[in-house]
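The values are calculated or read from the model by the stated rules, or taken from the named source; none is laboratory data. No experiment lies behind these values; they were computed from the predicted model shown. Quick reminder, even Gly has a Cβ in these numbers, built from the backbone with ideal geometry, and neighbours come from all protein chains shown.
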Amino acid sequence: MKNILNYINGQLIEAKSSKWLDNFNPSTGEVYSKITDSDETDLELAYQAANKAFPIWSKTSKEKRSEIMLKISSLIDENLDSLALAESVDNGKPVKLAKTVDIPRAASNMRFFATGILHYSSESQQYNDTAINYTLRKPLGAVGCISPWNLPLYLFTWKIAPALATGNTVIAKPSEITPMTAYLFSEICIKAGLPKGVLNIVHGLGHKVGAAMSKHPGIKAISFTGGTTTGETIARTAAPMFKKLSLELGGKNPNIIFADCNFEKALKTTLLSSFANQGQICLCGSRIFVEKPIYEKFKTAFVEATNKLIVGDPNNSDSNLGAIVSKDHLNKILSYVSLAKEEGGNVLTGGNQLFLNGVNANGYFMEPTIIEGLKFNCRTNQEEIFGPVVTIMPFETEDEVLKYANSTVYGLSSTVWTESTSKAQRFAQELEAGIVWINCWLVRDLRTPFGGVKNSGVGREGGFNAFNFFTEPTNVCLKL
Ligand code: NAD
């Protein structure tokens, strides 16, 4: 059994409380490791280490910082198999998904920001013949990064890489539900020679470690990805302290399919955007709107394709879906299926917990689920479910589907399927979303602004946006 320790000041150490939390394997339902149960005392130790390391790390040349980060990236690549397996055991996702998406992306996050920093320059403006202005970009100090359980190492590195590249020191908190790869990452950082105190990882519960981070007066910024309610709690504490905040929150994303789409491509991608990672991706298209002339044809083909998906042992290379991340989360998803029925929904396929055999007999599996017959404004269509459950609805006009699509409090991403460029452009303009995918889904260029509008978040990650977040500009005006 591998017990998960904090990484503070370059050391792997137990929390001061000496208490432990259980870490479950969702595909077996068994406790397979223990997590050190930290609180504000451990957070303070991490802060002291980060604060002490800041003057040296911020003055370390960007070439040197880049070199160490590239080493970390290479070590992730070298450990692809073991990290992918660890991610799968901890989260329930198929190993093949972790091996092709999560872990390679964690390596490329480190590589992308390690090389990006070498190309990051600041602006200058000449003001007639009077003066020249130039902008200094300074790191903030010790910053906090809080990440969720759905894409554990992927989102953890997505936050800490730009923070480290710009010369900040970091206190990071992975989700207590999936802490294993962050722990393995701390071992990698030690091996790569990351100086002590530059990155500190504190494990434990959100309302203890995360809350202590939000209210710590010395922590200059919080970069958070997770649920909207948690984001609100963090903002309530940190905003009055004038901390910089980047909040990447929940979604209820529309997937709009017009009759003039490329049917086969729309169908194939909709299968992924509905059920990849058991539907536990903030960008999943959980509300599918199909134009009337192709509604019945699309529905039939979609249900047929969904029925062919294999839900099974994450270790099995045939499994399309693995386990739901936790028992609580599975129960939450199932409660939304009951709600959908109460609201008049008709379950076209799925809707139930799935009981497998052998080692997976007590795992948290669920059938991929499609529900029709619901109104656009019912709770099932307005609240984030975050599981393998989608709704499907017909529409007749552009105005009608736009109203449906924009009707939720969320505005993270959206997908539009049409061969008409002008229609696609109109929708890109009108959809209330931080990301609009046209004839594709989850195609990610790491340079692009990433984030949501409305209750899906505040701020943008990605490319130079992330560097701008983790630096403070000082304008210098020099009289000519
Ligand atoms: P969550 O909000 O429960 O937890 C996220 C993190 O916040 C965890 O590390 C948790 O320990 C911590 N936390 C919990 N309470 C806290 C508090 N009071 N103060 C500070 N930190 C606290 O979210 P989750 O269930 O882990 O993840 C699922 C959610 O994340 C979904 O809503 C999903 O849409 C969202 N998400 C958003 C994006 C995005 O980029 N917008 C990406 C992935 C997931």
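Would you tally the residues in region 1-21 being closer than 12 Å to ILE35 by Cβ and not in a loop (DSSP other than H, G, I, E, B)?
4
Is region 157-166 home to any residue that is surrounded by fewer than 23 Cβ atoms within 10 Å (Cβ to Cβ), within 21 Å of the chain's Cα centre (by Cα) and near the ligand (Cβ under 10 Å from one of its atoms)?
no
Pick out the one residue from THR166, THR225 that is in contact with a Cys (Cβ under 9 Å, 6 or more places away or on another chain) and either of a type in the set (S, T, N, Q) or under 30 Å from SER82 (Cβ atoms) (or both).
THR225
Look at region 207-227 and say how many of its residues are crowded, with 20+ Cβ neighbours inside 10 Å and within 9 Å of the ligand (Cβ to nearest atom).
10
Can you find a residue in region 402-418 that is surrounded by fewer than 21 Cβ atoms within 10 Å (Cβ to Cβ), in contact with a helix residue (DSSP H, G or I) (Cβ under 7 Å, 6 or more places away or on another chain) and more than 26 Å from LEU348 (Cβ to Cβ)?
yes
Only one of these is more than 21 Å from TYR32 (Cα to Cα), among the small types (Gly, Ala, Ser) and modelled with pLDDT under 95: SER108, SER147, SER122. Name it.
After ruling out the rest, the residue left standing is SER122.
Within region 230-243, does at least one residue satisfy the condition of being assigned to a helix (DSSP H, G or I), among the basic types (Lys, Arg), out of contact with any strand residue (DSSP E or B) (no Cβ under 7 Å at 6 or more places or on another chain) and without any contact (Cβ under 8 Å) to a residue 12 or more places away in the chain?
yes
Would you confirm, using the coordinates I've provided, whether SER326 is modelled with pLDDT of 95 or more, in contact with a Pro (Cβ under 7 Å, 6 or more places away or on another chain) and within 16 Å of the ligand (Cβ to nearest atom)?
yes
Which one is surrounded by the fewest Cβ atoms within 10 Å (Cβ to Cβ), of the residues in region 167-181 that are over 12 Å from PHE54 (Cβ atoms) and more than 10 Å from the ligand (Cβ to nearest atom)?
Filtering region 167-181 for residues that are over 12 Å from PHE54 (Cβ atoms) and more than 10 Å from the ligand (Cβ to nearest atom), the one surrounded by the fewest Cβ atoms within 10 Å (Cβ to Cβ) comes out as MET180.
Residue pairs, Cβ under 8 Å, 6 or more apart or interchain, first in region 265-290 and touching a residue at least 40 places away in the same chain (Cβ under 8 Å), second within 13 Å of the ligand (Cβ to nearest atom) and of a type in the set (Asp, Glu). List them.
Hits for this filter: CYS282/GLU248; SER286/GLU384.
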